Amino acid sequence: MKLSVLDTAPVFAGTTGAAALRTSVELAQHAEALGYTRYWIAEHHDNPAAAATAPEVVTAAIASATTTIRVGSGGVMLPNHSTLRVAEAFTTLTALFGSRIDLGVGRALAGSPTLSTTLRGTLPSASPTAFATQIEELQRYLSHSAANTLPHHTSVPV
């Protein structure tokens, strides 16, 4: 049986976001020692009880502190970000940490319309049609035909 962890880096009462992120790294190390297959970080904004606002950064910290467990996002909320920026972040992670990196995506917005607009620069759409277009764009950036677009062209499972 393959087991995985999906983590929001919860901030418990009386603790801080920094402590929550350190706990996530420790939990990933423990999961790896127990033989878990995968450790994913879920993107959350506008929620003081979740410290995982930048899953690609937390993924890098966890990948640096582990050696065998697959690490990634579960997921990056694609409407909040440029697809090129997501592709760049995750191909860079793969260049640094090899085939242990996963990219999971979702289509939720960042809580309030104001925060979503602040993250993206414009109010993004989370409609199924807009999300399908973003998935297609992301896959094009990650395809071998886009090798000249990204400085670290590597294969990243989506």
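The values are calculated or read from the model by the stated rules, or taken from the named source; none is laboratory data. Keep in mind the model is a prediction, meaning the values are calculated, not measured. All Cβ positions, even for glycine, are placed from backbone atoms using ideal geometry, and neighbour counts span all protein chains on display. Note: areas computed on protein heavy atoms with side chains; ligands, DNA, RNA excluded. Shrake-Rupley method; radii C 1.70, N 1.55, O 1.52, S 1.80 Å.
On average, how much accessible surface per residue is there in segment 63-145, in Å², for a 1.4 Å probe, leaving out ligands, DNA and RNA? All intermediate terms of the calculation are to be shown ahead of the outcome.
Values: 3840 Å² over 83 residues.
Each residue of segment 63-145 exposes 46 Å² on average to a 1.4 Å probe.
Solvent-accessible area per residue in segment 1-55 equals 59 Å², computed with a 1.4 angstrom probe and all protein chains kept. Rg and Dmax of segment 1-67, based on Cα coordinates, read 11.6, 36 Å. Relative contact order for segment 1-87: 32 percent, from Cα pairs under 8 Å spaced at least 6 residues apart, divided by residue count. For segment 1-145, the Cα-based Rg and Dmax, in that order, read 15.3, 50 Å.
How do LEU96, LEU115 rank by accessible surface area computed with a 1.4 Å probe, from largest to smallest? Please report the intermediate quantities before stating the final value.
Values: LEU96 120, LEU115 45 Å².
Greatest to least solvent exposure: LEU96, LEU115.
Helical content of the chain, expressed as a calculated mean residue ellipticity at 222 nm, amounts to -13500 deg cm²/dmol (DSSP H runs of 4 or more residues, -39,500 (n - 2.57) each, divided by residue number, nearest 500). Judged by the mean number of other Cβ atoms found within 10 Å, the most tightly packed of the peptides 76-82, 131-137 leads the ranking 76-82, 131-137. For segment 39-48, the Karplus equation 6.51 cos²θ - 1.76 cosθ + 1.60, evaluated at θ = phi - 60°, returns couplings of 9, 10, 9, 9, 6, 9, 10, 6, 9, x Hz by residue, with Gly and Pro reported as x. Length available on full extension from ARG140 to ALA13: 0.36 nm per residue minus the Cα-Cα distance, which gives 41.4 nm. Electrostatic bookkeeping for SER99 treats Lys and Arg as +1 and Asp and Glu as -1; over the other residues with beta carbon under 15 Å from its beta carbon, the sum is +2.
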